[in-house]
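Taking it in order: structure first as structure tokens, then the write-up.
Values in this text are rule-based calculations from the coordinates and carry no lab data. As the structure is a prediction and not an experimental result, all values here were calculated from the model. Positions of Cβ are backbone-derived with ideal geometry, glycine not excepted, and every protein chain shown enters the neighbour counts.
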Amino acid sequence: MLPFLLLATRAEDAAAEDEYAAYLRYGGLEERELIPVRLEAAPLPSLDLSRYSGVIVGGSPFTSSDPPEHKSPVQHRVEQELAALLDQLVDLDFPFLGACYGVGTLGSHQGAVIDRTYGEPLGAVEVELTEEGLQDPILQGMPQTFTALTGHKEAVSSLPPHAVLLARAASCPVHMFRIKANLYATQFHPELDADGLVTRIDIYRHAGYFPPESAEELMAAARQFTVTEPMAVLKNFVARYAR
């Protein structure tokens, strides 16, 4: 099997390692089948896409909709590299799954409006599949409504006409969409369980997602969540595109 590529941008080793382990676990992948590249640490190397089954973009502390002057040089570089890569991926209709930050990257690339209108706090949200979502192979076997974990400052407030809306929530109207046949982005985290959310709350308590003094309360609440359905997105993506 050709490996999948995981593009990560988490500078904290604990967060990056926990994210990678989650993609392995819920994607049913061995380490040789998921190659991690940490874009915050070094420029994206030249890629031969014929050597990969698909590309996955994990979550990120970067916020696409921030004004340019508020972005670090590293974020500017990462955004430019991902935009150039997406030029190729969209042209080829190459298998792509972007989780959370994937909405900002793929959405921005395709002309969606990305802003802070529909940000959601760290926690659980009820997601509903659209009619198109119920028919999509990446969402095969999932119930029409399910609980997912999320936490984001920005989201899509308007999709371009050629994007297919697959999932939504009352608090955020675009939770998953598709471009062409094979490029997907989710606002919820398909790799995240309660333990993973506790880890991220602890690591990102000073990142502006929530008041730092509320971290312990949020971690206690997170431990009460039982989230199992979103992981099917990863399982289905791997099963469909592994080659």
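Between rounded, prolate and oblate, where does the stretch 159-238 land on the alpha carbon gyration tensor, with a ≥ b ≥ c its root eigenvalues, rounded for a/c under 1.5, else prolate if a/b exceeds b/c?
Judged from the Cα gyration tensor, the stretch 159-238 comes out prolate (a/c at least 1.5, a/b above b/c).
Consider just the alpha-carbon atoms of the chain and return their Rg together with their Dmax, both in angstrom.
Considering the chain through its Cα atoms, Rg and Dmax are 16.5, 47 Å.
Which loop trypsin sites (Lys or Arg not before Pro) in the stretch 1-42, with loop taken from DSSP, have no more than 13 other Cβ atoms within 10 angstrom of their Cβ?
In loop regions of the stretch 1-42 (DSSP not H, G, I, E or B), there are no sparsely surrounded trypsin sites (Lys or Arg not before Pro).
Rounded if a/c is under 1.5, else prolate if a/b is larger than b/c, else oblate: which is the stretch 62-189, with a ≥ b ≥ c the root eigenvalues of its Cα gyration tensor?
On the way: a/c = 2.06, a/b = 1.26, b/c = 1.63.
Note, shape of the stretch 62-189 comes out oblate.
Mind checking which lysines have their C-alpha under 18 Å from K71, skipping anything on the same chain fewer than 8 residues away?
K153
Which value in deg cm²/dmol, rounded to the nearest 500, describes the helix-derived mean residue ellipticity at 222 nm for the chain, given -39,500 (n - 2.57) per DSSP H run of n ≥ 4 and division by the residue count? Walk me through the numbers before you get to the answer.
Working: 7 runs with 78 residues, N = 243.
About -10000 deg cm²/dmol.
Between L49 and S171, what is 0.36 nm times their sequence separation minus the Cα-Cα distance? Round to one decimal in nm.
Numbers: separation 122, 0.36 × 122 = 43.92 nm, distance 3.63 nm.
Contour length minus Cα-Cα distance gives 40.3 nm.
Label the stretch 66-140 by shape, choosing from rounded, prolate and oblate, from the square roots a ≥ b ≥ c of the eigenvalues of the Cα gyration tensor; if a/c is under 1.5 it is rounded, and otherwise prolate applies when a/b is larger than b/c, oblate when it is not. Don't jump to the answer; show the numbers that get you there.
Values: a/c = 2.47, a/b = 1.27, b/c = 1.95.
It is oblate, given that a/c is not under 1.5 and a/b is not larger than b/c.
When the chain is fully extended, how far beyond the present Cα-Cα distance does H206 get from S72, taking 0.36 nm per residue of separation?
Details: separation 134, 0.36 × 134 = 48.24 nm, distance 1.72 nm.
Full extension of this stretch gives 46.5 nm more.
Leaving out same-chain residues fewer than 8 places away, which aspartates and glutamates sit with a Cα under 15 Å from that of K235?
Cα-Cα hits under 15 Å: E30, E33, D136, E191, D193.
Out of every Cα pair in the stretch 102-161, what percent are spaced more than 15 Å from each other? It would help to have the intermediate numbers written out before the result.
Values: 1080 of 1770 pairs.
Of the Cα pairs, 61 percent sit more than 15 Å apart.
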